[in-house]
Structure formats: C-alpha cells, structure tokens
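Shown next, in structure tokens, is the structure this report addresses.
Each reported figure results from applying straightforward, stated rules to the coordinates on display, with no laboratory input. Quantities reported herein were computed from a predicted structural model and do not represent experimental measurements. Note that each Cβ is placed from the backbone with ideal geometry, even for glycine, and that neighbours are counted across all protein chains shown.
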Amino acid sequence: MQHDTVATQPIAGQQPGTSGLRKKTRVFMEPHYLENYVQSIIDGIGGVAGKTLVVGGDGRYFNDRAIQVILRMLAANGASGAIVGQGGVLSTPAASHLIRKRGTAGGFILSASHNPGGIDADFGLKFNGPNGGPASEAVNAKIVEATKTISAYKIVTAEDADLGTIGTSSLGEMSVEIVDPVSDYAALMEELFDFDKIRTLFASGFRMRFDAMHAVTGPYAKAILEDRLGAAEGTVINGTPSPDFGGGHPDPNPVWAKELMDEMYGDNAPDFGAASDGDGDRNMIVGPHQYVTPSDSLAVLAAHAHRAPAYAKGLAGVARSMPTSAAVDRVAAAQGIECFETPTGWKFFGNLLDAGRVTLCGEESAGTGSDHVREKDGLWAVLLWLNILAESGQSVAEIMEALWRDYGRCYYSRYDYEDVETEKAHAVMDGLRARLDTLPGTEVGDLTVNFADEFAYDDPVDGARATGQGIRIGFEGGARAVFRLSGTGTQGATIRLYLERLETAPDALAQAPQEALRPVVEAALTISELKELTGRKEPDVIT
C-alpha cells in the first residue's frame, strides 16, 4: 500500500460556522478541497497517530466518496482504527453516542444538517471531540490556522473500504470496523425511556405520524417506533434516506414538512406528529391542529422530564441559546434550578453538560437534547414527548394549555431572509450596531425600547468569552427582537429575525401568534430598516 504526501497550498474560506464547514457540494468535490480540510482537522487536533475515530454522515450526495478519502487519510496519518456506520451512515446524535460509548478520540461527521442535498446543493464536515460534542472554539481556531498554513496532506493509495458489510477489515495498519448504525442508539433510548409505557400507549389506539423527510432518521424511527414500540406500520413516512432527500429540504418546520402539517391540520388527524432533519439532530412537534414551537417544546420537556425514568430525579439545570424564547427560564425559576443563556451553537452547551451544571439544552432552531449525548437529538425529543404523553394521559393540546396557564405564554416566531447579498446583510447589522446606545427609551408604535445590546457570553466553566453573538432589542413588558446572521448557510447570508412577546393574562393566551407579535414585528423592521436596506419585502420562511 502506497503512502503519498501530496503537495498543496491553502484554500481560502475554510472557516467552520456554528456546526462545521459547509459549502456547496461541488466546492467540496474540487481538487484538494476536502483533503486540505481533513488534513487541517488532523493537524489542528494534534494528530491521530495511534488513535481510533468514528466516521459517518447523513447519507447525502458525496457522503460515501468523502468517507473513503477520510479513511485513507486517517490511515496515512497513523490512526489505529476507524469505526464507521454501515453504508457510511450515522445520525449525528448516534455518532456522538458512539464516540462516547467506545471512548474514541473523536469523530468526523459528514453533514450539512437541515440544508438540501445533491450535487448542486450542500455538503458539510465537522469534527466532534472525545466528549462526543462539536469541537470547541479553541480547537476550531487551531483547525482554521492549519488551513492557512497547510503545504501537504497525507493519503494512502488503496481500494475502497467495504462500507456495506458489518465487520472488521484493514486499511494498511488501520482497522476499519463497520457497525450497525441503529442498534447502539436504540439501546440507549430504551435505557432512558419507559418503552413499556409507550407500547401501552400505542396499543390503546394512539396514532402518530413521523416524517423522516427522506433523511437519516428513517431507519432509526422505523426500528424504534414501529418495530420496538409497536406503532402501526406506516407511522414513519418518507423513511428511506435519499442522497438528495427526495428532492426536498430536510428542515423540520411547517414550511418544509408540509405533508405532515397538512395531515395534522386535516380531518381525522393523528394524535401526535413529529419530524426530524437531514442528520437527525432536529425535531418538530405537532398536535392535531396545533404546532408546538421549539421554544415551547423545550419548556414542556423541562416541566415534564421527570416523567421519564432517566430524569425522574429532576434536572440539574437547563440551558437555551440566546434567540430561544424565555419560556424555559420561567419553568426553571419555578423548579429552583439554574437556567443558562448561551450563544447559538451546540458546542456552547458542552462545558455545562460535562460539568453537570445542566441536564437539558435547547435551541429555537428545533434542536433539543440532554446529557445522554453531546449533540441535539431529534428522535430523543420525540421519544421524551411520547413518554410524557403516555405517563400523563394528556393530549398535546392539554399539555400546552397547562404550560401557558402555569407559566404564561411566550408568543414566538422566526423570520428568515435567505441568500441576502452579503453587503446588504452586513449593512443591516452594522446599522443596528451603530445605534445600540441611542435606542433605549425610543418609542416605536406602541412599544418602548428598554434595552439594546450585542450579546456576549462568558462561559461559567472555563471563562472563555464569545462576542458578537447577535443583536438584542428588548421592549418594556418583556417583548424582544433578536437579529443574527446565520452560520449554517453556504452562500450569501441569511438574516434571522427572532420575535417574542410574553402574555400572562388568562384571556390573552389563545391569540394567533402572528397577530400577537405584530407590534414587535413592526417595531423590529422599523428600527432595523431591513426592508429598505435589503429590498426584501417579506421573509422567505416564517416559523
């Protein structure tokens, strides 16, 4: 077997965002592009000699070819072993669990999460550390520095590894172990939740629909929901993973999961609906004629987690990303536990989880998880909801009504302005940034600005400081607007506008969300001049 050292030079723009490096698939397929970044990861983490790593992805286009390159480069760089999901497939939470269970030095996860797949769509690669979580800011900084100084990469010349057959083979001196991608993860879920109670729920005639969106969670959901828990055959729809996600957009929200939403808002709707995304780390929860926002879902899970065996002793604390609504804060206060507000990006939860400061974490972008792994976990959230429904005997509507009655209702929405010209997007943010000091006290419509700042975070565990994490505008009475540039896109810029308004009066808890939020929307657009600066009259997506 030939070991080659290939001369190369730095490629501009290999800067990871909130969850790894994401670019158009054709960019990753360009000569040296993938190899440069893989070698930069290897160098940035201090090498892989003698180490075992997990490798897997969401099955999108180029996933299989990229894995072959990664394996050959790991072998050339002296890795002792690679553990790979059968077919090159592992959901992101399953990969995190495998890293932790097998005690590996980390893992390469190939995914662009909820972004579309295909040769003309998106691809991504990230490194997760030994704790199973995304690489820290410090490690990412070393990786980025390596991309700027790289002069060569190492790779072996060999035939493709057989990714389809479970078992162990060799690639030079490196072992390649192909594992069932579902079994370890399913066993973990059975440890966390009362599967007998959920089986009884399904046996009673309870009906559910799970939309896997032609993505990685299809096999996981079928194995757990239908095969182990007894949900009716056909409960899982769009369950066969596809390299281009069936031509769809694997983002579990009401816009892209329209098939599920139509069924849940139609006649004879199932009792419970859910969806997951491209790599299995996000979720959407829907009741009959009722969409549950991710922020409210996190609050529900915090309020009712004790109903599942793994969380029966209570929660150590909770954490949410800054743009997520304050609904979970109110639950935490009632329980007398800590609640942390962090920047967007699951890596910021890692220290809190490792230190035992929190048990549950969540982001408004449909990601929730707990200390069982170090990633958000879509199917885990769905199973916790099922455990709560089974144990409480309540419907989704009854659970939501109780949440709002007991804690108030945080009306919430997100407006996405996608693929905005980068200069125009920065003009919006720079304009807001320049006016932060003058905004407090400003009256906009019926609202008065109470505070305005750019969010910064001091990690309570290691003291690391993260700045420039989004612009917050708070209004008297608890309403809030947040502006961020997304770090998960592959071209242009996406402006995300997050809107929130708290109501506690009993007669104000059943409003249409967009109507309740109208004054906040108008104030946010007026203050930011977003329409004028971007030329966008409406958002591309409202969730």
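Here are a few things to note about the model shown:
- For the chain, a crude dipole built from +1 on the beta carbon of Lys and Arg and -1 on the beta carbon of Asp and Glu, taken about the Cα centre, is about 820 debye to the nearest 20.
- Per-peptide packing, taken as the mean over residues of other Cβ atoms within 10 Å, places 44-50, 164-170, 8-14, 408-414 in the sequence 408-414, 44-50, 8-14, 164-170 from highest down.
- Tilt relative to the chain, helix 63-76 - C-alpha long axis, 0 to 90 degrees, to 10: 50 degrees
- Among the GluC sites (Glu not before Pro) in segment 156-217, those located in a DSSP loop and surrounded by at most 12 other Cβ atoms within 10 Å of their own Cβ are Glu159, Glu173.
- Segment 349-488: C-alpha gyration tensor shape, a/c 1.5 cut-off, then a/b vs b/c: prolate
- Loop-located trypsin sites (Lys or Arg not before Pro) in segment 302-348 (DSSP state other than H, G, I, E, B) with a sparse environment of at most 14 neighbouring Cβ atoms within 10 Å: Lys313.
- A Förster radius of 30 Å, combined with the Cβ-Cβ distance separating Asp160 from Asp540, puts the computed FRET efficiency at roughly 0.15.
- Using the Cβ-Cβ distance between Phe451 and Gln68 with R0 set to 41 Å, the FRET efficiency from 1/(1 + (r/R0)^6) comes to roughly 0.20.
- Taking 0.36 nm per residue of separation and subtracting the Cα-Cα distance, full extension of the segment from Glu476 to Asp267 would add 71.1 nm.
- Helix 137-149 vs. the chain, principal-axis angle (Cα, 0 to 90°, nearest 10): 50 degrees
- With contacts taken as Cα pairs under 8 Å and at least 6 residues apart, the chain reaches a relative contact order of 13 percent.
- Rounded to the nearest 0.05, the FRET efficiency derived from the C-beta distance between Asp458 and Asp507 at R0 = 41 Å is 0.50.
- This ranking places Lys376, Lys142 by how few other beta-carbon atoms lie within 10 Å of each, fewest first, which gives Lys142, Lys376.
- Low-density loop cleavage sites - trypsin sites (Lys or Arg not before Pro) in segment 453-543, where at most 13 other Cβ are within 10 Å (DSSP): Lys537
- Whole-Å distance, taken between Cα centres, linking segment 87-123 and segment 435-458: 39 Å
- With contacts taken as Cα pairs under 8 Å at a separation of at least 6 residues, segment 402-467 carries a relative contact order of 16 percent.
- Tensor-based shape of segment 2-179 (alpha-carbon gyration tensor, a/c under 1.5 rounded, otherwise prolate or oblate): rounded
- Residue exposure sequence - Phe245, Phe206 - by fewest surrounding Cβ within 10 Å: Phe206, Phe245
- Part-to-part distance (alpha-carbon centres) for segment 142-175 and segment 18-53, which is given in Å: 10 Å
- Residues of segment 195-226 with amide N under 15 Å of a point placed 7 Å along Cα→Cβ from Ala312: 195-198
- Computed over segment 1-149: relative contact order in percent, which uses C-alpha pairs under 8 Å that are six or more apart: 33 percent
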